[in-house]
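Here is the structure we will look at.
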Protein chains: 2
Amino acid sequence: MDKPHRIRRATGPGRPRNRAPGLVRAALLAAARRHIAAHGVGAACLRDIAHEAGVTPAMIAYHFGDKQGLYEAMLTETVGPVLAHLSAALTVDAEPDLELLLSRYVNTLAANPWLPQLIVREVFTEGGAFRARFIEGFAKRGGGLLIALIKHEQAAGRFRKDLDAKRAAQALLSLALFPFIALPVTREVFGMQTDAAWLKGHVADLARLYKDGMRAPARSRR
Amino acid sequence: MDKPHRIRRATGPGRPRNRAPGLVRAALLAAARRHIAAHGVGAACLRDIAHEAGVTPAMIAYHFGDKQGLYEAMLTETVGPVLAHLSAALTVDAEPDLELLLSRYVNTLAANPWLPQLIVREVFTEGGAFRARFIEGFAKRGGGLLIALIKHEQAAGRFRKDLDAKRAAQALLSLALFPFIALPVTREVFGMQTDAAWLKGHVADLARLYKDGMRAPARSRR
DNA sequence: CCTTTATTTAATCAAGCGATTAATTTGACG
DNA sequence: CGTCAAATTAATCGCTTGATTAAATAAAGG
């Protein structure tokens, strides 16, 4: 009589193992990456993530324990490798080529558009658990590499020495990262694009602007 | 017998008008600004906002209707004026002074630290209601002013002409805005600070870097 | 002193959330 | 062919959220 649309204890659950092993787990991680990058961990809904992965929310508990477990797995398995790649792009052994370095950095960001979103959501924000780990485990090392690069160029006489290396490094990071962080705005206001052709000119312009701005004076006027 | 801690229908509610008129409203707006900037509209909790303002959540319904009404009031009454001030800083009438302009912009950001947080939370993110309004009502006009400024300098022969004005404007905005957007990181990694003394040197460095990077060649080599 | 109006409260509601559970199916192994 | 572990589901639980409501109070006006 009441609630005819709801069948109580009728058919029941079940129907496993049609899929390849690890497929559900991977689908959940991919869906979680997109949802968490778009809405943040707090606002991301497990039901939506599971629905996008084509399974029920209970699978998250089965494969990852709870929401935090899913978040951790996403960080270590999909964010970590990309951050490591980004860090490696900054590691210059012999002769640092600013334009090549910028190109690697920018193209990694363009190839993983969820990364800037995730950083915005989970790092540039008060009181996130990921924030401290990001700063300690990646930003300080990456920033240190950048500062060392500036100092190296200063010592080589290619960059002027009257500018604090930390500030110069911050400026370089601003130029490289901001357009991706602010993509919803820069795309509409400045015509920012993320295809290879556009990025090539973009990197060339950035490198030239920065190099000219940092160039040591040719020992003439001033 | 059951639940001795909960007094059922004992004292009852009430106790109005001890405060100055408009005080509750202002307190709610201030608390909302801080909570929404810190956690985003979606994750901000009305109970927490009301608690911080020293009233009950029902006051939000009374003064603003619902959560959306509180959000709208916050945008028009506290965010709008600061954005207008920021836009006015970009409006140069006679002779544009890049360093003065940067100084105004940066100091406004430093004086309202909730603004970069709010932009990060509500603009640099997919599918927010404020995002479209921010872009149409502020970013496009502000960006246009910046682009016009670059073109003016190019026409005057102070900036080189072989660089797209839109890209040059985007680079300038990157330098000015990113350190504040990423403050949790830039503070720890690059020693970013927001007091007047530090910002003064910061603005001077940024202006010099940008001007030198954009300077038109003195009609010699290359 | 009585009435009225603006403000504020405690209590409650329905919806949505993360998490848990019992039931069920599939494949592997003997 | 029977047994068992792994994987999956529907259903449900407790909690938090945004919103609503009836009651209560202070001040103002007559």
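Here are the numbers for the structure shown:
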{"item": "Test for A:Val92: is it more than 16 Å from DNA strand C (Cβ to nearest atom) and either closer than 30 Å to B:Cys45 by Cβ or at pLDDT 95 or above (or both)", "result": "no"}
{"item": "A:Trp114, sole failed condition from (1) more than 23 Å from B:Glu126 (Cα to Cα); (2) surrounded by fewer than 20 Cβ atoms within 10 Å (Cβ to Cβ)", "result": "(1)"}
{"item": "Members of the stretch B:117-140 that are touching a helix residue (DSSP H, G or I) at 6+ places or on another chain (Cβ under 7 Å), closer than 23 Å to B:Thr91 by Cβ and surrounded by fewer than 16 Cβ atoms within 10 Å (Cβ to Cβ)", "result": "B:Lys140"}
{"item": "Within the stretch A:141-170, tally of residues that are more than 20 Å from the chain's Cα centre (by Cα), in a helix (DSSP H, G or I), closer than 16 Å to B:Val189 by Cα and not β-branched (Val, Ile, Thr)", "result": "7"}
{"item": "Members of the stretch B:47-68 found to be near DNA strand D (Cβ under 8 Å from one of its atoms) and either in contact (Cβ under 8 Å) with a residue 24 or more places away in the chain or within 14 Å of another protein chain (Cβ to nearest Cβ) (or both), listed by number", "result": "B:Asp48, B:Ile60, B:Lys67"}
{"item": "Output for the stretch A:85-96, where each listed residue is surrounded by fewer than 16 Cβ atoms within 10 Å (Cβ to Cβ) and more than 19 Å from A:Gln117 (Cβ to Cβ)", "result": "A:Ser87, A:Ala88, A:Thr91, A:Val92, A:Asp93, A:Ala94, A:Glu95"}
{"item": "Qualifying residue in the stretch B:160-176 (condition: in contact with a His (Cβ under 8 Å, 6 or more places away or on another chain) and within 25 Å of A:Arg208 (Cβ to Cβ))", "result": "yes"}
{"item": "Helices (runs of 4 or more DSSP H) completely within the stretch A:22-140 that count 2 or more residues being under 13 Å from the mean Cα position of the chain (by Cα) and under 20 Å from B:Thr186 (Cα atoms)", "result": "A:80-90, A:98-111, A:114-122, A:129-134"}
{"item": "Subset tally (residues that are within 12 Å of another protein chain (Cβ to nearest Cβ) and in contact with a Leu (Cβ under 9 Å, 6 or more places away or on another chain)) for the stretch B:145-156", "result": "3"}
{"item": "Condition broken by A:Gln193, with the remaining ones in (1) part of a loop (DSSP other than H, G, I, E, B); (2) surrounded by 17 or more Cβ atoms within 10 Å (Cβ to Cβ) satisfied", "result": "(2)"}
{"item": "Qualifying residues in the stretch A:197-222 (those that are free of Cβ contacts under 8 Å to residues at least 60 places away in the same chain and crowded, with 22+ Cβ neighbours inside 10 Å) - the one nearest to A:Val106 (Cα to Cα)", "result": "A:Leu209"}
{"item": "Unmet requirement for B:Thr194, which otherwise passes all of (1) free of Cβ contacts under 8 Å to residues at least 40 places away in the same chain; (2) more than 10 Å from chain A (Cβ to nearest Cβ); (3) within 23 Å of A:Arg131 (Cβ to Cβ)", "result": "(1)"}
{"item": "For B:Leu70: the one exception among (1) at pLDDT 95 or above; (2) buried (at least 20 other Cβ atoms within 10 Å of the Cβ); (3) within 30 Å of B:Arg158 (Cβ to Cβ)", "result": "(3)"}
{"item": "Qualifying residue in the stretch A:89-107 (condition: at positive phi and within 13 Å of another protein chain (Cβ to nearest Cβ))", "result": "no"}
{"item": "Some residue of the stretch B:40-47 being in contact with a His (Cβ under 6 Å, 6 or more places away or on another chain) and crowded, with 20+ Cβ neighbours inside 10 Å", "result": "yes"}
{"item": "Every residue from the stretch B:168-190 that is surrounded by fewer than 21 Cβ atoms within 10 Å (Cβ to Cβ) and at the interface with chain A (Cβ under 8 Å from one of its Cβ atoms)", "result": "B:Leu177, B:Leu183, B:Glu188"}
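The values are calculated or read from the model by the stated rules, or taken from the named source; none is laboratory data. Please read these numbers as outputs of a predicted model, since none were measured by experiment. Note: ideal-geometry Cβ built from the backbone for every residue, glycine included; neighbour counts use all protein chains shown.
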